[in-house]
């Protein structure tokens, strides 16, 4: 049994794994001995069924990564499989998130912070994660680029989405002259809805496209990250991140509550984890300067642009031996 289990969750962009696995293979050797990588595919999409994972699995094993390729049926069944591996720590990693090996090393070295029962989550700062976009913009971009992106937030008009009306948040976008994240998140924390993973970057096509452009403009920052530290993001009301670490026994409690219908769930773990954190007054921690690139959200249909963005990331980040 390995100490750390990574749940890699491919869906429709299986080839994105090439960049993800490139950095995983470069993780420090002593840390490789602690991890297992579970590639959790499914049997209900042609993307997974038609993708040949064998060459990458062979390369991972050649790099001394303990690797399992498993086909499952549902999102929650994938999480259950990971939990049943019995590792002390679990890391959920979606197919469209990328961190470099230096950030992986710091991330894995600091999982012990989750031994403190007050801490539920440890995560790198995703480029468009909620709330991590604020930390990402602060450290990855210069002031001019950050302000340029924030100006696109102010153009968004919130409407009804996910069965709820978020129009009251227009106070901080269309009806505001500047982006104030503190006031915005304070209002979000008071919303009477389960879904609080709401942010202009998740709904604005202009914001998402500009974010891609600015990430590429400043891409040298990605592999030159360092000067890491851990920051407490508990003042933010909701976590919408597709890459995070959690103690496996805590994760199991969340999944069991879903199965027993003791907590709201829509078939995924985002809302249940946030409710669990809220009910128990737990903290979420982020790695300052631990940059993670998340391509985009499916709430805005920019799939062709996303593929071009990934191709450029791969072209510029993968260094051939």
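Structure summary
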item: Flag if residue 216 is crowded, with 17+ Cβ neighbours inside 10 Å and either at pLDDT 95 or above or within 20 Å of the chain's Cα centre (by Cα) (or both); result: no
item: Filter result for the condition that a residue is surrounded by fewer than 19 Cβ atoms within 10 Å (Cβ to Cβ) and touching a residue at least 60 places away in the same chain (Cβ under 8 Å), over 228, 238; result: 228
item: Neighbours by Cβ (under 8 Å, 6+ apart or cross-chain): first from the range 165-189, in contact (Cβ under 8 Å) with a residue 24 or more places away in the chain; second exposed (fewer than 12 other Cβ atoms within 10 Å of the Cβ); result: 166/159; 166/160
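The values are calculated or read from the model by the stated rules, or taken from the named source; none is laboratory data. Because the structure is predicted, anything quoted here is derived from the model rather than measured. Here the Cβ is made from the backbone with ideal geometry for all residues, glycine too, and neighbour counts use every protein chain on show.
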